[in-house]
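Let me begin by presenting the structure, written as structure tokens, before commenting on it.
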Amino acid sequence: MKKTIILLTFFLLSLGLRAGEGMWLPLLLQQLNEKEMRAMGMRITAEDIYSINHSSLKDAIVLFGGGCTGEIVSNQGLLLTNHHCGYGNIQRHSSLEHDYLTDGFWAQSLAEELPNPGLSVTFLVRMEDVTAAALKNVTSRMSETQRDSAISANNKLIVDQAIKGTHYKASVRPFFAGNQYYLLVTETFSDIRLVGAPPSNIGKFGGDTDNWMWPRHTGDFSVFRIYANKNNNPADYSKDNIPYTPKKYLNISLKGVSEGDFTFVYGYPGTTQEYLPAAAVDMVANHKNPIAIGLRQQRLDIIDQAMEQDRLVRIQYSAKAAGIANFWKKMIGESRGIKRLDAVDKKQAFEQEFSQWAAADPYREAAYGKLLPAYNSIYSDFTPKNDAYTYLTEGPLSIEIIRYAYSFNKLAQQSSQKTVSDSAVNALAKQLLAGVDGYFKNYDKNVDRKIFAAIMNTYCEKASPDYMPAIFTEMKAGYKADYQKWADAVFSKTLFASAETTKAFLEKYSRKDAKKILNDPAFQLAAATYAYLQQNLSKDIARFYDVTDSLQRIYMKAQMEFLPKKLFYPDANSTLRVAYGQVKGYEPADAVEYNWFSTLDGIMQKENPDIYDYVVDPRLKELYRTKNYGPYGDRDGTMHVTFIATNHTTGGNSGSPVLDADGNLVGINFDRCWEGTMSDLMYDPDQCRNISLDIRYCLFVIDKVAGAKRLVEEMNLVN
């Protein structure tokens, strides 16, 4: 009992409001946070950060692409985000002749800025609490299906009314697990052009080795520009479009930051789950993560070796490897952090006290008494199925040949349906043909074949046969567990391992050729895998989330009743948030203490010309040698590169502006320290630090290294 009380006390302390924890709705800053923010040193007002009556800092912040943040830094729509956020677009413009990934890219004029089909940015126009309207006529007697249907109908009315007569878009999003709802009115621009990107040995310095780590020395930024039509409204790409004139753009501070300074991050954090029960945290940290980590490690080892040996493979697989490695390393740190914090034990202690509170009152007992037992029961039942799902998605479905082969499923199915016309079938074949060159531009069958053999070995030997598509046990037996032989057979017989064979097949395609798709060994694996996923695991997963979504909504409401004095913040859900804290170092382990900033000196100390990720740009070396930092050097005489602070961030905050007490841009958020990656599940004030690029290093690279001073001259610099 004594241990339980100690754990609970620690956990409740961790629940209390502390500077650093929380991702707050900008609409509510004045009501909930402004007093504390000003006490910490902020000199602007909550109205300066978010306003519906006049331009404010929110009007300079965008959702960049599908999962990053960007900020407007000039009156001509110039936009900064992370290098890794722009990476896919930089890679798509790259070739052996124009290797912008390796060499960097800098447009010398507006005419040289490169369009990026499919890339968009979204501004928040306004947000509004619509909980009452969203829950109109929703009662506790409804089933979950009825409840969801009623809320969906209500939300459609809210959205239709909000955007009537405008070009805006809108959505109604749930907060606090569906206990509150907010309307988000947005404006999306789709003509976004690449303006500049540093070479990889700056923008990706340290590579995957340094990812999630501190100290960090990565110049993680890229530069884009928003274009609009002549009326300054969103428009598809056109040569007639002109740079967008924003309602607001950020001033940039050359002063830098010091330890203890107030900072805040303004962006679009993706997903956090701070209020889950212990069983959920246990499933993530001790089941899902270890499976995914092992399978991703195998893929990374093969890809990294191939990239070291072949420059073309490096171009083809750099973005893919970065995507695999990012979450691989994050999951490692997350599971370690959960273990170090004893997070499962602490949540169990909290749940024990919660249960005692619920049992002390008949109403609470009736409402919440069966809540946690129901949670524990469903997680116990679902965990082995989730293990199987993780093995399948991180295993066979991570193999490129299987995913690509399945893209021909619709063609095969429609070809066999008499109700589908020949012209429709031919049009689909032509559509697939048009995508062949783009797909194989970034594909190497030798890499994929090695991955196939390695992944199939692990999947067939370690995944539970109780939740495995029959084709895998059949193939394992047929090839006598010789996975390399199996891989060689598939890749020698499939139509879909090269551009040449795929093109030849599609160029002469007719309906009767559907048999060739259906008999293709890669397609057969794909079809059987996706069929099993859809007919078995997907149903289990859907049922699980239907139940747990309902339980979490009730549990969230119950926690807020249990802790009425606690100031709760909603979990991140890719909506605009403010996180605030202070510049501060940390101690990751016994006898280890980290400073709060890194410098160009550290880049030179890490230099290794024999390792791709640690090659130092020659121009950067020369500027370091002469200490030619211009106005961007720190007053201590060094060139600061990055800094850390206690701001609570997660995926989606990549590219977010880090702002000082006056609302000036001082950094670009790009990562978290490894020891704090469990902050998506439990925040630790001692270990959780966001990592930001010092904006002065960004300007230094643009001006002094790239010679693109015209871009700096667009910006408004302040001291």
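Key figures for this structure:
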{"read-out": "Elements of type helices (runs of 4 or more DSSP H) in the range 17-116, at least 2 residues being modelled with pLDDT of 95 or more and of a type in the set (D, E, K, R)", "value": "34-39, 46-49"}
{"read-out": "Cβ pairs under 7 Å, 6+ apart, first in the range 441-462 and over 19 Å from residue 388 (Cα atoms) and open to solvent by 20 Å² or more (accessible area, probe 1.4 Å), second among the hydrophobic types (A, V, I, L, M, F, W, C) and assigned to a loop (DSSP other than H, G, I, E, B)", "value": "445/497"}
{"read-out": "Matching residues in the range 216-261 - criterion: being out of contact with any Lys or Arg (no Cβ under 9 Å at 6 or more places or on another chain) and without any contact (Cβ under 8 Å) to a residue 40 or more places away in the chain", "value": "229, 230, 231, 232, 239"}
{"read-out": "Residue 107 vs. criteria in contact with a helix residue (DSSP H, G or I) (Cβ under 6 Å, 6 or more places away or on another chain) and either in contact (Cβ under 8 Å) with a residue 60 or more places away in the chain or open to solvent by 30 Å² or more (accessible area, probe 1.4 Å) (or both)", "value": "no"}
{"read-out": "Count of residues meeting criterion [within 15 Å of residue 561 (Cβ to Cβ) and polar (S, T, N, Q)] in the range 348-378", "value": "2"}
{"read-out": "Considering residues of the range 125-166 that are in contact with a helix residue (DSSP H, G or I) (Cβ under 6 Å, 6 or more places away or on another chain), open to solvent by 30 Å² or more (accessible area, probe 1.4 Å) and aliphatic (A, V, I, L, M) only, the residue farthest from residue 548 (Cα to Cα)", "value": "133"}
{"read-out": "Residue 403 vs. criteria within 22 Å of residue 500 (Cα to Cα), open to solvent by less than 70 Å² (accessible area, probe 1.4 Å) and part of a helix (DSSP H, G or I)", "value": "no"}
{"read-out": "Enumeration of residues in the range 299-341 that are under 25 Å from residue 675 (Cα atoms) and of a type in the set (A, V, I, L, M)", "value": "300, 319, 321, 322, 324, 325, 331, 332, 338, 341"}
{"read-out": "Filter result for residue 590 (out of contact with any strand residue (DSSP E or B) (no Cβ under 6 Å at 6 or more places or on another chain) and open to solvent by 50 Å² or more (accessible area, probe 1.4 Å))", "value": "yes"}
{"read-out": "Members of the range 57-76 found to be of a type in the set (Ser, Thr, Tyr) and more than 13 Å from residue 249 (Cα to Cα), listed by number", "value": "69"}
{"read-out": "Verdict on residue 132 being under 28 Å from the mean Cα position of the chain (by Cα) and more than 28 Å from residue 60 (Cα to Cα)", "value": "no"}
{"read-out": "Residue list for the range 421-449, filter: closer than 25 Å to residue 529 by Cβ and assigned to a loop (DSSP other than H, G, I, E, B)", "value": "435, 442, 443, 444"}
{"read-out": "Filtered residues of the range 201-229 (kept if part of a helix (DSSP H, G or I), open to solvent by 10 Å² or more (accessible area, probe 1.4 Å) and in contact with a His (Cβ under 8 Å, 6 or more places away or on another chain))", "value": "210"}
{"read-out": "Test for residue 79: is it of a type outside the set (Lys, Arg), surrounded by fewer than 21 Cβ atoms within 10 Å (Cβ to Cβ) and in contact with a Lys or Arg (Cβ under 8 Å, 6 or more places away or on another chain)", "value": "no"}
{"read-out": "Some residue of the range 231-249 being buried (at least 22 other Cβ atoms within 10 Å of the Cβ), within 26 Å of the chain's Cα centre (by Cα) and among the hydroxyl-bearing types (Ser, Thr, Tyr)", "value": "yes"}
{"read-out": "Count of the range 240-264 residues which are assigned to a loop (DSSP other than H, G, I, E, B) and either closer than 23 Å to residue 712 by Cα or among the aromatic types (Phe, Trp, Tyr) (or both)", "value": "13"}
{"read-out": "Matching residues, the range 167-198, being open to solvent by less than 10 Å² (accessible area, probe 1.4 Å) and not in a strand (DSSP E or B)", "value": "178, 198"}
{"read-out": "Of all residues in the range 23-56 being open to solvent by 10 Å² or more (accessible area, probe 1.4 Å) and without any contact (Cβ under 8 Å) to a residue 12 or more places away in the chain, the one that is farthest from residue 248 (Cα to Cα)", "value": "39"}
{"read-out": "Selection from the range 317-333 of residues that are open to solvent by 10 Å² or more (accessible area, probe 1.4 Å) and not β-branched (Val, Ile, Thr)", "value": "318, 319, 320, 322, 323, 326, 327, 328, 329, 330, 331"}
{"read-out": "Any hit, the range 584-598, residues being over 26 Å from the mean Cα position of the chain (by Cα), among the polar types (S, T, N, Q) and modelled with pLDDT of 95 or more", "value": "yes"}
{"read-out": "Cβ-Cβ under 6 Å pairs, at least 6 apart or on other chains, the range 403-423 side in contact (Cβ under 8 Å) with a residue 60 or more places away in the chain and under 24 Å from residue 443 (Cβ atoms), far side outside any loop (DSSP other than H, G, I, E, B) and open to solvent by 40 Å² or more (accessible area, probe 1.4 Å)", "value": "406/530; 412/518"}
{"read-out": "Residue in the range 303-313 that is nearest to residue 615 (Cα to Cα), counting only those that are open to solvent by 30 Å² or more (accessible area, probe 1.4 Å) and assigned to a helix (DSSP H, G or I)", "value": "308"}
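The values are calculated or read from the model by the stated rules, or taken from the named source; none is laboratory data. Please read all numbers here as calculations on a predicted model, not as lab measurements. Counting neighbours? That spans all protein chains shown, and the Cβs are built from the backbone with ideal geometry, glycine included. Surface accessibility is based on the protein's heavy atoms, side chains included, excluding ligands, DNA and RNA. Shrake-Rupley method; radii C 1.70, N 1.55, O 1.52, S 1.80 Å.
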